[in-house]
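Worksheet: one structure, shown below.
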Amino acid sequence: VGNNDVPVEPHSMVFVGYYRHTPNVDAVQYFCREILPLIQKQSPQAKLYVVGAEPSREVLSLHDGESIIVTGRVEDLRPYIARAAVFVVPLRLGAGLRGKVIEAWAMKKAVVSTSVGCLGLDAQHGFNALIADRADEFAGHVLGLFQDRRMAARLGENGFKTVSAEHDVPVQVRKHEQLYFELFKSAF
C-alpha cells in the first residue's frame, strides 16, 4: 500500500494516464472544462494533478501551474496518488480493464469515476467508488469527499479489499490455473 509518509493535500485530485491514448486526452479535457469549474465554485483551492507520459499539446495547454498541474512522465506514480484527496477517472471513451482504478484501490484511495471509467471492474457505487456520468454529479461526489474524509477512507478501504480479492497475484494465478484446467479438459 502506497506512500504513507506523503501527506494528503486537501482539495486535490489526480488523474493518471498515457496521453497518446485518445480516451485519456478526452477525459482530462472534459474534466478540466466541465467538472473542475463546478468544483472550484465551492472549493476555489481545488487542484488537479494530471500525471502521465507524453502529454499532448492539448493536455499541456491545460497546465496553469496552480489549479491544473501537468507533470508529464514521472518515475513513480505512488507519491502523486498518495498526495491526492480524490482519484478521478472521468473517462467517456474506450474499453478494457481499468488499471488506473486498480492502482488507486491498491493505494486505498477514494475513486470518483464515470461508468465507462470502471468498466470490467467490480465497482459498486457507494461501496468502493462513487460513479457519475453527469458533470454536476461527478463534481458533487468530489466535493462530498473533500468534506467527508471518513467516507473517502471507507471507499479506499473497500477498494483495497476489492482489488485484493480480485487482482492480487495469488488470486490471478488460481484463476489462470482454473482456466487452463478447463481448457485442457475440453480439449480431450
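The values are calculated or read from the model by the stated rules, or taken from the named source; none is laboratory data. Everything quoted here is computed from the prediction, not taken from an experiment. Cβ: placed from backbone, ideal geometry, glycine included. Neighbour counts: every protein chain shown. All accessible areas refer to the heavy atoms of the entire protein, side chains included, with ligands and DNA or RNA removed. Shrake-Rupley method; radii C 1.70, N 1.55, O 1.52, S 1.80 Å.
Checking the structure you have, find out if any residue of the range 114-134 is surrounded by fewer than 21 Cβ atoms within 10 Å (Cβ to Cβ) and more than 16 Å from the chain's Cα centre (by Cα). Yes - at least one qualifying residue is present in the range 114-134. The numbered conditions (1) in a loop (DSSP other than H, G, I, E, B); (2) open to solvent by 40 Å² or more (accessible area, probe 1.4 Å) are all true for Lys41 except (1).
Kindly indicate whether Val50 is assigned to a strand (DSSP E or B), buried (at least 17 other Cβ atoms within 10 Å of the Cβ) and at pLDDT 95 or above. Yes. The set of residues from the range 84-111 being outside any loop (DSSP other than H, G, I, E, B), at pLDDT 90 or above and either open to solvent by 10 Å² or more (accessible area, probe 1.4 Å) or within 16 Å of Glu157 (Cα to Cα) (or both) comprises Ala84, Ala85, Val86, Phe87, Lys100, Val101, Ile102, Glu103, Ala104, Trp105, Ala106, Val111.
Checking the range 24-32 against the condition returns a match, with at least one residue being open to solvent by 10 Å² or more (accessible area, probe 1.4 Å), among the acidic types (Asp, Glu) and at pLDDT 95 or above. So which residues in the range 53-83 are open to solvent by less than 40 Å² (accessible area, probe 1.4 Å) and farther than 16 Å from Cys32 by Cα, if there are any at all? Matches in the range 53-83: Ala53, Gly72, Val74, Pro79, Ile81, Ala82.
For the range 118-156, give me the residue count where each residue is part of a helix (DSSP H, G or I) and closer than 23 Å to Lys41 by Cβ.
16
Annotation: Met13 fulfils all but one of (1) assigned to a strand (DSSP E or B); (2) under 18 Å from Leu130 (Cα atoms); (3) touching a helix residue (DSSP H, G or I) at 6+ places or on another chain (Cβ under 6 Å); the unmet one is (3).
Count of the range 39-89 residues, restricted to those that are more than 17 Å from the chain's Cα centre (by Cα) and without any contact (Cβ under 8 Å) to a residue 12 or more places away in the chain, is 8.
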